[in-house]
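**Q** Structure below; questions to follow.
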Amino acid sequence: MIALAFFISIIRMATPLVFASLGGMFSERSGVINIALEGIMLFGAFTAAFVSLSMGKELGFVAGGLGGMSLALIYGLIVIHGRANQIVAGTAINLLAMGLIPLFLKSLYDSTGGTPSLSMDQRFSNLPILFMIIALAGAWFVMKKTSFGLNVSVAGENPEALDAAGISVILVRYQSLAVCGLLAGFGGASLSLFLASGYTRNMVAGRGFMALAALIFGKWKPVPTFLACILFGAFEAVQIRLQGAEGIPPEFLQILPYLATVLVLAGFVGKAVAPKVIGIPWKR
Amino acid sequence: MSNLSPVIEAKNLSKAFGSFYANENISFSIPKGEILGIIGENGAGKSTLMKMLYGQLRPTSGQIHIDGKETSLTSPRDAIARGIGMVHQHFMLAENHSALENIILALGIASFRLMPHKSVRKRLEKLCSEFGISVDLEKPVGELSVGQQQSIEILKLLYLDSNLLIFDEPTAVLSPNEIENFFTILRGLREAGKTIVVISHKLKEILSISDRVIVLRHGKIVAERTTKETNLGELADLMVGAHFERREVIASNLSAATTVFEVKDLSSIESDSRLKKISFRVREGEILGIAGVEGNGQSELIRALMNPIKYRAKGEITFCEKNVSAYSTLELRSLGMSILPENRIKEAVILDWSSRDNFLLGHQNKKEFIKNSWIQEQALGEKALAAYKEYDLRPLSLTHHLSEFSGGNQQKIVVARELWNQPKFIIAAHPTRGVDIGAIERIHLAIQDVKKQKGSVLLISSDLDELFRLSDRLLVICGGLVRGSFTKGEFSEEKVGRLMGGGQT
């Protein structure tokens with residue numbers, strides 16, 4: 001019984017990570033590094049909580065996805081059309097999200113810290129786990145079986161070949177970023193509507209980067225990436241479970257998931273095979 | 001061949017970039033079922049012409065007629081729709097995907113759909129048997145041989161119902177056996193009524209496969225010949241625009257010479273290295289050629305020889321009677337070793353540096369050029385200019401960036417630099433790749449000069465003509481092992497080719 005409860009808590013903790021890293025997969029497989037996942041999740045978490053407060057949790061969840069998508073498309077504008085350095089632009093998007101949200105909060109609720117707390121029926125109990133599993137299956141199916149998945153992966157591998165086939169590399173990358181934003185936004189929504197009740201300041205707390213780490217650990221493939229997220233989720237669940245144990249400072253326990261991320265990236269990734277042209281803007 | 005109406009006809013095609021005409025008044029027509037060879041040196045305008053036929057470039061003036069109708073091609077997609085297909089020198093394949101998925105990719109499905117695996121496979125299998133092509137449709141393309149990758153490119157065009165197939169330097173990366181196989185496929189295509197254009201600077205191959213040859217020089221057609229009525233010498237002269245004399249190379253008498261460089265059972269530390277266990281020795285004043293299809297351990301060998309401390313796994317390297325098995329590149333260079341790297345752009349030059357500054361690379365520790373950490377610009381300039389003059393660099397300039405020189409002249413810069421202080425041993429890896437005929441002659445001469453000055457050369461190349469011409473001795477490698485050894489006089493294309501492809505003598 002305890003084991004089952006613990007298992008469920010692992011899945012719960014992993015849910016936002018899975019959404020975000022699947023989103024990151026679309027972006028990066030198409031050739032766009034997405035360090036902005038953190039900010040996109042944050043924005044998704046905020047829009048989800050905001051809409052849920054007035055229009056209910058279902059619309060709130062969708063709004064989280066759309067909020068994430070809009071920020072991802074702004075990012076796309078900068079790096080695809082503007083051909084900007086993707087690390088710098090991604091960092092800028094993260095900073096933008098961190099600055100923009102308190103501004104909205106202040107004008108909406110006269111507080112920069114967060115949204116008001118959500119009531120029980122404004123948040124989910126377990127449904128996002130199902131959504132997450134659907135997203136995983138969908139991502140796998142799209143990458144493996146559909147023409148769109150093929151185009152995404154060729155855009156990040158050999159864009160000349162895609163161009164030669166008469167398909168716009170730029171369009172495929174925008175589409176990938178839109179999917180990325182949608183999924184990462186869902187990740188944010190599952191934070192504010194599922195793991196917590198409402199938006200609180202900086203609630204993503206590095207999960208965007210952790211999702212990126214999981215993506216690298218999972219070699220940019222849906223199922224291994226999912227498993228990596230479960231691993232990171234497990235550390236987070238352990239961390240929560242151990243809180244209050246005698247003799248271990250709580251701050252130390254909180255480090256665990258981040259420590260695990262660093263160790264995994266430094267030691268166990270092995271030969272990570274990134275998409276070939278990742279980070280390189282397309283120009284004919 | 002047949003005198004049917006032309007499939008494609010170019011009428012006074014010109015393409016200008018600014019005031020420079022890359023193509024000027026090009027007119028020709030290709031009847032159905034013909035193999036047309038287009039030859040010319042680098043920069044003669046071959047690629048520009050093909051790009052116009054394939055819709056990648058719009059002609060400045062002139063027309064293209066397809067099946068008798070005037071047509072303006074605005075994109076490759078447009079060309080494909082009109083039955084024109086092209087196999088680029090660098091294949092347009094996604095290496096992590098199977099042949100099947102690469103063909104699906106080529107269909108250009110932009111909408112969100114299931115990939116039509118089944119129907120595509122069915123038609124592909126039919127095309128394969130029809131044209132005698134055999135490839136693995138399931139394996140990631142990157143794991144297939146270059147020859148098979150080329151077959152996939154051909155299948156792509158057949159799948160798209162191309163009637164005119166353009167090949168840009170199709171044999172550059174193939175082994176002799178693969179070339180034979182490729183030619184067989186081409187002949188089959190011709191039988192089936194396809195029209196084929198082959199662009200190349202390899203005259204021999206054009207002579208053996210084409211029905212007709214067009215020679216381009218300086219953007220103009222200078223000659224058109226029926227293949228049967230011409231020969232190698234005539235084509236070479238037409239291509240270069242002058243009577244061209246190839247000097248005979250005389251083998252050195254080496255029986256008494258001492259060994260300068262020796263390698264015993266060398267293997268490389270690189271993961272999935274193709275270099276297994278290799279042994280050879282190079283004597284004073286000798287050119288040892290290494291023949292092999294690219295990707296059979298040559299790159300690993302070069303790295304292990306130039307930087308043994310980093311790349312050598314096992315085995316012994318002796319240079320000038322010293323055991324240098326754990327030396328670094330710097331130590332080897334100061335002992336008198338030098339290299340013409342296989343990838344000129346990546347490993348030999350810095351494109352946005354001037355020709356003068358590029359001369360310094362690899363000589364940074366020489367007192368002539370650096371005093372008390374300061375670059376001696378004057379001395380550097382003088383030495384570089386003298387060396388470049390000797391190699392007839394064009395333009396003879398110290399200030400032009402490397403990117404402003406042609407491939408041949410870039411390579412001359414590298415050769416001038418690497419041979420500047422008379423190395424005892426030089427590794428020449430594909431020294432004339434992407435280099436025009438004039439520069440090839442100059443570089444071959446330079447390599448022979450090394451010999452005269454009692455230097456030794458390890459010549460690694462996939463160009464058999466070059467190897468046969470220069471080498472005193474020739475090793476054939478395949479799969480990272482030495483498969484055979486020949487001395488000058490017993491070189492035969494057939495034997496060497498068979499060994500290169502993994503066969504037996």
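**Q** For segment B:170-200, name all the residues that are acidic (D, E) and touching a helix residue (DSSP H, G or I) at 6+ places or on another chain (Cβ under 9 Å).
**A** Matches in segment B:170-200: B:E178, B:E180.
**Q** Only one residue in B:G62, B:G37 is of a type in the set (G, A, S), part of a strand (DSSP E or B), more than 13 Å from chain A (Cβ to nearest Cβ) and farther than 24 Å from B:L207 by Cβ, so which one is that?
**A** Details: B:G37 fails: farther than 24 Å from B:L207 by Cβ.
Every option except B:G62 fails the conditions.
**Q** Still on this model: For segment B:65-80, which residues satisfy the criterion of being of a type in the set (D, E, K, R) and within 13 Å of chain A (Cβ to nearest Cβ)?
**A** B:R77, B:D78
**Q** Moving on. Quick check on this structure: which one of A:V51, A:V79 is hydrophobic (A, V, I, L, M, F, W, C) and under 17 Å from A:R123 (Cβ atoms)?
**A** Working: A:V79 fails: under 17 Å from A:R123 (Cβ atoms).
Going through A:V51, A:V79 in turn, just one is hydrophobic (A, V, I, L, M, F, W, C) and under 17 Å from A:R123 (Cβ atoms): A:V51.
**Q** Then there's this: Assess whether B:I179 counts as being touching a residue at least 24 places away in the same chain (Cβ under 8 Å) and within 14 Å of another protein chain (Cβ to nearest Cβ). It would help to see each step written out before you state the result.
**A** Values: touching a residue at least 24 places away in the same chain (Cβ under 8 Å): yes; within 14 Å of another protein chain (Cβ to nearest Cβ): no.
Spelling it out, it is not the case that B:I179 is touching a residue at least 24 places away in the same chain (Cβ under 8 Å) and within 14 Å of another protein chain (Cβ to nearest Cβ).
**Q** Which ranges mark the helices (runs of 4 or more DSSP H) fully within segment A:1-114 that have 1 or more residues being of a type in the set (D, E) and surrounded by fewer than 24 Cβ atoms within 10 Å (Cβ to Cβ)?
**A** On the way: elements: A:2-29, A:37-55, A:57-76, A:86-109.
Helices (runs of 4 or more DSSP H) meeting the threshold: A:57-76.
**Q** If only one of A:I2, A:I101, A:I87, A:I10 is out of contact with any helix residue (DSSP H, G or I) (no Cβ under 9 Å at 6 or more places or on another chain) and over 25 Å from A:R173 (Cβ atoms), which one is it?
**A** After applying the criteria, what remains is A:I2.
**Q** Please count how many residues of segment B:385-404 are of a type in the set (A, V, I, L, M) and under 7 Å from B:S355 (Cβ atoms).
**A** The number of residues fulfilling the criteria is 2.
Rundown of residues vs (1) modelled with pLDDT of 85 or more; (2) under 23 Å from B:G297 (Cβ atoms); (3) aromatic (F, W, Y), yes/no style:
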site	(1), (2), (3)
B:Q411	yes, no, no
B:P423	yes, no, no
B:T432	yes, yes, no
B:I440	yes, no, no
B:Q453	yes, no, no
B:S462	no, yes, no
B:F491	yes, yes, yes
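**Q** Can you find, within segment B:135-162, the residue that is farthest from B:D67 (Cα to Cα) among those that are small (G, A, S) and within 14 Å of chain A (Cβ to nearest Cβ)?
**A** Restricting attention to segment B:135-162, the residues satisfying the condition of being small (G, A, S) are B:142, B:145, B:147, B:151, B:162.
Next, only the ones that are within 14 Å of chain A (Cβ to nearest Cβ) stay: B:142, B:162.
On the way: B:G142: 37, B:S162: 13 Å.
Within segment B:135-162, the match that is farthest from B:D67 (Cα to Cα) is B:G142.
For every residue, the table says whether it meets (1) over 24 Å from B:I221 (Cβ atoms); (2) over 32 Å from the mean Cα position of the chain (by Cα); (3) buried (at least 21 other Cβ atoms within 10 Å of the Cβ).
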| position | (1), (2), (3) |
| --- | --- |
| B:M50 | no, no, no |
| B:Y54 | no, no, yes |
| B:T60 | no, no, no |
| B:K69 | no, yes, no |
| B:T74 | yes, no, no |
| B:L93 | yes, no, yes |
| B:A106 | yes, no, yes |
| B:M115 | yes, yes, no |
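**Q** Something else: Only one residue in B:G43, B:G83, B:G108, B:G132 is more than 10 Å from chain A (Cβ to nearest Cβ) and either without any contact (Cβ under 8 Å) to a residue 60 or more places away in the chain or acidic (D, E) (or both). Which one?
**A** B:G132
**Q** From the list A:A161, A:A178, A:A155, A:A184, which residue is under 18 Å from A:T47 (Cβ atoms) and within 14 Å of another protein chain (Cβ to nearest Cβ)?
**A** Values: A:A161 fails: under 18 Å from A:T47 (Cβ atoms); A:A155 fails: under 18 Å from A:T47 (Cβ atoms); A:A184 fails: within 14 Å of another protein chain (Cβ to nearest Cβ).
Exactly one of A:A161, A:A178, A:A155, A:A184 is under 18 Å from A:T47 (Cβ atoms) and within 14 Å of another protein chain (Cβ to nearest Cβ), namely A:A178.
**Q** Just for helices (runs of 4 or more DSSP H) wholly inside segment B:273-344: which have at least 3 residues that are on the phi < 0 side of the Ramachandran plot and surrounded by 23 or more Cβ atoms within 10 Å (Cβ to Cβ)? Can you show your working first?
**A** Numbers: elements: B:298-306, B:308-311, B:329-334.
In segment B:273-344, the matching helices (runs of 4 or more DSSP H) lie at B:298-306.
**Q** Does segment B:495-504 include one or more residues that are surrounded by fewer than 23 Cβ atoms within 10 Å (Cβ to Cβ), within 30 Å of B:E368 (Cα to Cα), in contact (Cβ under 8 Å) with a residue 12 or more places away in the chain and in contact with a strand residue (DSSP E or B) (Cβ under 7 Å, 6 or more places away or on another chain)?
**A** no
**Q** hydroxyl-bearing (S, T, Y), farther than 26 Å from B:T171 by Cβ, touching a residue at least 12 places away in the same chain (Cβ under 8 Å) and in a strand (DSSP E or B), is that true of B:S29? Break it down stepwise before answering.
**A** Details: hydroxyl-bearing (S, T, Y): yes; farther than 26 Å from B:T171 by Cβ: no; touching a residue at least 12 places away in the same chain (Cβ under 8 Å): yes; in a strand (DSSP E or B): yes.
So B:S29 fails the test.
**Q** Still on this structure: Considering only segment A:153-231, give the helices (runs of 4 or more DSSP H) lying wholly within it that have at least 1 residues that are aliphatic (A, V, I, L, M) and more than 14 Å from the chain's Cα centre (by Cα).
**A** Working: elements: A:159-164, A:169-190, A:207-217.
Output list reads A:159-164, A:169-190.
**Q** Among the residues of segment A:232-276, what is the count of those that are part of a loop (DSSP other than H, G, I, E, B), closer than 25 Å to A:G90 by Cβ and touching a helix residue (DSSP H, G or I) at 6+ places or on another chain (Cβ under 6 Å)?
**A** Residues in segment A:232-276 being part of a loop (DSSP other than H, G, I, E, B), closer than 25 Å to A:G90 by Cβ and touching a helix residue (DSSP H, G or I) at 6+ places or on another chain (Cβ under 6 Å): 3 in total.
**Q** Looking at segment B:1-22, which of the residues that are farther than 30 Å from B:A192 by Cβ and touching a residue at least 40 places away in the same chain (Cβ under 8 Å) is surrounded by the fewest Cβ atoms within 10 Å (Cβ to Cβ)?
**A** B:N12
The values are calculated or read from the model by the stated rules, or taken from the named source; none is laboratory data. Note that this is a predicted model, so its numbers are computed, not measured. Reconstructed Cβ throughout: ideal geometry from the backbone, glycine too, with neighbour counts over all protein chains shown.
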